[in-house]
Amino acid sequence: MADPSSYRPEPGQIPDSPGVYKFRDEHRRVIYVGKAKSLRQRLASYFQDLAGLHPRTATMVTTAASVEWTVVSTEVEALQLEYSWIKEFDPRFNVKYRDDKSYPSLAVTLNEEYPRVQVMRGPKKKGVRYFGPYGHAWAIRETVDLMLRVFPVRTCSAGVFKRSAQIGRPCLLGYIGKCSAPCVGRVTPEEHRELAEDFCDFMAGRTGTYLSRLEKEMHAAAEDMEYERAARLRDDIGALRRAMEKNAVVLADATDADLIAVAEDELEAAVQIFHVRGGRVRGQRGWVTDKVEAVDTAGLVEHALQQLYGEEKGEAVPKEVLVPALPEDTPVLSQWLADRRGSQVSLRIPQRGDKKALMETVHRNALQSLALHKTKRASDLTTRSRALEEIAEALDLDSAPLRIECFDISHLQGDDVVASMVVFEDGLARKGEYRRFQIKSFEGQDDVRSMHEVVSRRFRRYLQEKLKTGEWDPEDAEAAGEAPEDDGKPKRFAYPPQLVVVDGGQPQVAAAKRALEELGIDDVAVCGLAKRLEEVWLPGEDDPVVLPRTSEGLYLLQRVRDEAHRFAIQYQRNKRGKRLKSGPLDEVPGLGESRKQALVKHFGSVKKLRQATIDQICEVPGIGRKTAETVVAALARAVPAGPAVNTATGEIIEDETPAPAGASSERGTEQ
């Protein structure tokens, strides 16, 4: 625990201007990021008597070992820089909301020649129009199914689309009228894009004009005695109205707004957001967070706004944002939101009417979300605590292993040998700290030797971190190598585990223990979990430790082991897949994926590219003479594939089929 006065800057050193500051710990890791109108006044508040500070703030300043700052010209710049640094450094004392689930959204891929309507999760992509998020994927699919009758936009995958184009026959949706079948040319790309844009307009809330137009067309068709067309338009109108009924009107003035509500206690907070477009609730999402810093409701709202709109631009930021409490820097936040939207954004507290009533509904959802989260966490925490205690007792550890790391080796008959390291903290997976390794010191299959190499490499990196901070002073410091320059970001191997678990029995455990002893590490426990009888092996013991089948400790060790196994197999399969798909063009230095695709697209196949001259290759855009010479040399070195054979007839097949755009064909695999 550091004394804040030991690193307190001199009063004259701190500028009296807007800026962003970072507190770092003794390992130079960034542990807190903040912004201020006046850096001098804000930083001075951290260095008062500890008794006068909030307990969480006092913990932060005593954990820190230094403070630094960056001056900016405006408070809006400070807000943006604070958000960027929190995202980059992931400071432990900043509030960070985490989604309580992965919410699906309705996406329209306007960045494609033939836009596709689909359900998407995860980070947003450029050129894709999103609606939602929704609570359940089935809610999106029901809405889309109703709307495809009126807006028959493509919903199929790229593979299905290409297959239908090749055979000249649309899929089932094309036959039943729920797709305009652009794959077989029933509509032009321009007509299909217009359908997609109409779909987006309707989903964005501009429904009245479109329904009025359909009703006029229906009446006109009836007057002209085109009764079949009138009936079809009548059914289209009914389908659209049923889709609209799924999102009841909550704001009569057709407002576009986001409503944010917060429910909190001393330790945790839950945030609920309702996305209202055209007066209807189009999406809902929720976050929960631990209150690791001294923050009130207004501060929680500010953090929520940063996370919600930090990556958004344009119409994704609504005209109106309704909140339960206004942050301290409301004008700055309003300006920041306006810059992201491109027009004015109103940030306010609803006072009366429908908006206040809806805010109360959102707040009730936040309260329910917090109560549900605490119930789940309390039950889960009890189970995890019991599991860790059972492991500590069975392995005779001094304390419960709050951080467990597990290693597994994977290969296919001795090829593509890889290893995985998974991390569990407090009984929960920390996927951001998972690591994977390629075995470098030898070739072939030797699980014991591989385990020794991987554990040695992991803990050698840990010793590098200790060497850099002066915590470790080995007689031969060169054994740890040179540590990289510290940038304050979370380090890959900075934190040691209390327990290392290896997938295997006595030989693997002995290899891991030997690796630790060679590095002089004696404060990390090692055990192995054998698959056959699920028995736990300890170093130097002839007999295993057998945990009861109903033991929570055994369940936790099995989950850790199975996760390491899954992660290793996934990496090994990906590595093998890349190797099998590799081709002669992959050996050309400096030839990226785009230029490889351009070459194959220009010549039609790698076989024809192999027959081309240097001058012909230079005709491809982006390919210079030097690159062309390198390509010719690489193809000359590569052994050409043998002819393909029809296994039914024995006939030799000459492969002259042009490769599709963006792909090539050589030996039956992508290059």
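The values are calculated or read from the model by the stated rules, or taken from the named source; none is laboratory data. Bear in mind the structure is a predicted one, so any value in this text is a computation, not a measurement. Positions of Cβ are backbone-derived with ideal geometry, glycine not excepted, and every protein chain shown enters the neighbour counts. To get the accessible areas, we keep the full protein, side chains included, count just its heavy atoms, and leave off ligands, DNA and RNA. Shrake-Rupley method; radii C 1.70, N 1.55, O 1.52, S 1.80 Å.
Residue 460 meets all of the listed conditions (1) closer than 20 Å to residue 510 by Cβ; (2) at pLDDT 90 or above but one, namely (2).
Yes or no, residue by residue, for (1) modelled with pLDDT of 85 or more; (2) exposed (fewer than 10 other Cβ atoms within 10 Å of the Cβ):
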| site | (1), (2) |
| --- | --- |
| 611 | no, no |
| 615 | yes, yes |
| 620 | yes, no |
| 635 | no, no |
| 640 | no, no |
| 645 | no, no |
| 649 | no, yes |
| 656 | no, yes |
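When you look at residue 308, is it modelled with pLDDT under 85 and either of a type in the set (S, T, N, Q) or farther than 21 Å from residue 354 by Cβ (or both), yes or no? Considered against the rule, which asks whether it is modelled with pLDDT under 85 and either of a type in the set (S, T, N, Q) or farther than 21 Å from residue 354 by Cβ (or both), residue 308 comes out as no.
With 426, 416 as the choices, which residue is in contact with a Lys or Arg (Cβ under 7 Å, 6 or more places away or on another chain), over 21 Å from residue 528 (Cβ atoms) and open to solvent by 30 Å² or more (accessible area, probe 1.4 Å)?
Values: 416 fails: open to solvent by 30 Å² or more (accessible area, probe 1.4 Å).
It is 426.
Scan the range 202-230 residue by residue and report those that are part of a helix (DSSP H, G or I), charged (D, E, K, R) and either over 29 Å from residue 278 (Cβ atoms) or touching a Phe, Trp or Tyr at 6+ places or on another chain (Cβ under 7 Å) (or both). Those that are part of a helix (DSSP H, G or I), charged (D, E, K, R) and either over 29 Å from residue 278 (Cβ atoms) or touching a Phe, Trp or Tyr at 6+ places or on another chain (Cβ under 7 Å) (or both): 223, 228. Restricting attention to the range 79-92, the residues that are touching a helix residue (DSSP H, G or I) at 6+ places or on another chain (Cβ under 8 Å) and hydrophobic (A, V, I, L, M, F, W, C) total 2.
Which members of the range 535-593 meet the condition of being acidic (Asp, Glu) and either surrounded by 14 or more Cβ atoms within 10 Å (Cβ to Cβ) or at pLDDT 80 or above (or both)? It would help to see each step written out before you state the result.
So in the range 535-593, the residues acidic (Asp, Glu) come out as 535, 541-543, 552, 562-563, 586-587, 593.
Across the range 535-593, the qualifying residues are 535, 541, 542, 543, 552, 562, 563, 586, 587.
Do you know which residues across the range 528-556 are among the acidic types (Asp, Glu) and more than 15 Å from residue 389 (Cβ to Cβ)? Give the derivation first.
Quick first cut of the range 528-556, residues among the acidic types (Asp, Glu) only: 534-535, 541-543, 552.
Across the range 528-556, the qualifying residues are 534, 535, 541, 542, 543.
Taking each residue of the range 357-379 that is more than 22 Å from residue 323 (Cβ to Cβ) and looking for partners that are at pLDDT below 85 and open to solvent by less than 50 Å² (accessible area, probe 1.4 Å) with beta-carbon atoms closer than 8 Å, six or more apart or interchain, yields 374/268. Only a single criterion out of (1) touching a residue at least 60 places away in the same chain (Cβ under 8 Å); (2) under 18 Å from residue 303 (Cα atoms) is not satisfied by residue 28, namely (2).
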